[in-house]
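S.K.: Quick one: structure below, then a few questions.
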Amino acid sequence: MLIFVALLFLITMKFEKDLKNIDAFGDDHIGTSSNTPIREDAFKLSNDQKIDVIKDDVRHIMETLGLDLTDDSLNGTPMRVAKMFVNEVFGGLNPENRPKPSTFENKYKYGEMLVEKNITVYSTCEHHLLPIVGKAHVAYISNGTVVGLSKMNRIVDYYAKRPQVQERLTIQVVKELQRVLNTKDVACVIDAKHLCVNSRGIRDVDSSTVTSEFGGKFKNGKTKREFLDYIKLETEF
Ligand SMILES: [Zn+2]
C-alpha cells in the first residue's frame, strides 16, 4: 500500500514537472527541427473532413469557456475558424499549395545579387497559436537560373502559413529557394512581431524578433554586408 502511494506521488510530481516544462518551452519559443513536425498520416483526411472535425473542436472550446453558441454572432464562428485554419492560416501544411517552381534561364547574364525586400509575413506562433506579423527580405545570386519575383513572395507565404517558429520559417524559405534555383547563394532575414510576446506574457509591445539565414556566398562578410545595406535602403515611391 505504502509503495503504491509513493508511486502515485512520484507520478503526480513528474506530471506537474512535465506541465511546467511545457509552459517554459513554449514561452521560450525553442524550436526542435528545421522541418515542420508533421505526422505521416497528416493527409489521410480531406480538407473538408478536417474542417468538419475542427468545427466541432472549436465549438467545444467556446462552449467550455461558457459562451452561448446559439447567439447569432457566435453561431457561425466554429465553421468560420475551421475553414480559416485549413484553407488559409495553416494552408501551407498542405504540399498541394507549394508554389510551382517556374524558373527561367538567366538570359541577360545578370550576375549580381537580387533582393526582394519587405515581403509581408503573416504567420502563426506554434507555441501559442497567435499571429506573427512582419517583413521578410530575401536575396539570391543567380548561377544561371532565375525565378519570377512574385515566386519569392509566394514561397515566404507558403511556409508562413503553418504553425511556426521564426527561425524555422527563415531556414525553410532559404532551403526552398536553394532547391528551386539550384544554388547555395540564397539569404533571408525576417523581422517580425510575435503577438504572444506583444499582447500577453511579458506584454512587450515594441519588441520584434530578427532572424537570418545566409547560404553560400552570403556567408562571406562583404556579400552579407551588401545584402544588409540594400535592406536598409528606403526608397520613396
Ligand atoms: Zn508564442
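The values are calculated or read from the model by the stated rules, or taken from the named source; none is laboratory data. On a predicted model such as this, the values are computed, not experimentally measured, just so you know. No Cβ is skipped: glycine too gets one built from the backbone with ideal geometry, and neighbour counts run over all protein chains shown. Quick note on the areas: whole protein, heavy atoms, side chains included, nothing else; ligands and nucleic acids left out. Shrake-Rupley method; radii C 1.70, N 1.55, O 1.52, S 1.80 Å.
S.K.: Answer with yes or no whether residue 120 is within 23 Å of residue 207 (Cβ to Cβ) and away from the ligand (no atom under 16 Å from the Cβ).
M.R.: Considered against the rule, which asks whether it is within 23 Å of residue 207 (Cβ to Cβ) and away from the ligand (no atom under 16 Å from the Cβ), residue 120 comes out as yes.
S.K.: Continuing with this model, one more query. Exactly one condition in (1) within 23 Å of residue 228 (Cα to Cα); (2) surrounded by 14 or more Cβ atoms within 10 Å (Cβ to Cβ) is not met by residue 79; state its number.
M.R.: Here residue 79 meets the rest and fails (1).
S.K.: While we're here: Which one is nearest to the ligand (Cβ to nearest atom), of the residues in segment 144-202 that are out of contact with any helix residue (DSSP H, G or I) (no Cβ under 8 Å at 6 or more places or on another chain) and of a type in the set (D, E, K, R)?
M.R.: Looking at residues that are out of contact with any helix residue (DSSP H, G or I) (no Cβ under 8 Å at 6 or more places or on another chain) and of a type in the set (D, E, K, R), I get 200.
S.K.: Across segment 180-218, what is the number of residues that are surrounded by fewer than 17 Cβ atoms within 10 Å (Cβ to Cβ) and without any contact (Cβ under 8 Å) to a residue 24 or more places away in the chain?
M.R.: Of the residues in that region, 7 qualify.
S.K.: Any residue in segment 82-98 that is assigned to a helix (DSSP H, G or I) sitting within a Cβ distance under 6 Å of a residue that is of a type in the set (Ser, Thr, Tyr)? List the pairs, counting only those 6 or more apart or interchain.
M.R.: Cβ pairs passing all conditions: 89/124; 92/158; 92/159.
S.K.: Continuing with this model, one more query. Listed residues 101, 95; which is of a type outside the set (Phe, Trp, Tyr) and farther than 28 Å from residue 224 by Cβ?
M.R.: Checking each option against the conditions leaves just 95.
S.K.: Hey, another quick one. Can you say whether residue 94 is open to solvent by less than 60 Å² (accessible area, probe 1.4 Å) and within 30 Å of residue 223 (Cα to Cα), as far as the supplied structure shows?
M.R.: In short, no.
S.K.: Scan segment 133-143 for residues that are open to solvent by 10 Å² or more (accessible area, probe 1.4 Å) and either within 13 Å of the ligand (Cβ to nearest atom) or in contact with a Phe, Trp or Tyr (Cβ under 7 Å, 6 or more places away or on another chain) (or both) and report the count.
M.R.: 2
S.K.: Return the total of residues in segment 118-132 being open to solvent by 60 Å² or more (accessible area, probe 1.4 Å), part of a strand (DSSP E or B) and not hydroxyl-bearing (Ser, Thr, Tyr).
M.R.: Qualifying residue count for the region: 1.
S.K.: Residues that are over 30 Å from residue 42 (Cα atoms) and modelled with pLDDT under 95, at least 2 per element: which strands (runs of 3 or more DSSP E) completely within segment 144-237 meet that?
M.R.: Numbers: elements: 145-147, 186-194, 209-214.
Passing ranges, in order: 145-147.
S.K.: Oh, and also: Go through the residues of segment 205-222 one by one and say whether even a single one is within 16 Å of the ligand (Cβ to nearest atom) and more than 19 Å from residue 120 (Cβ to Cβ).
M.R.: yes
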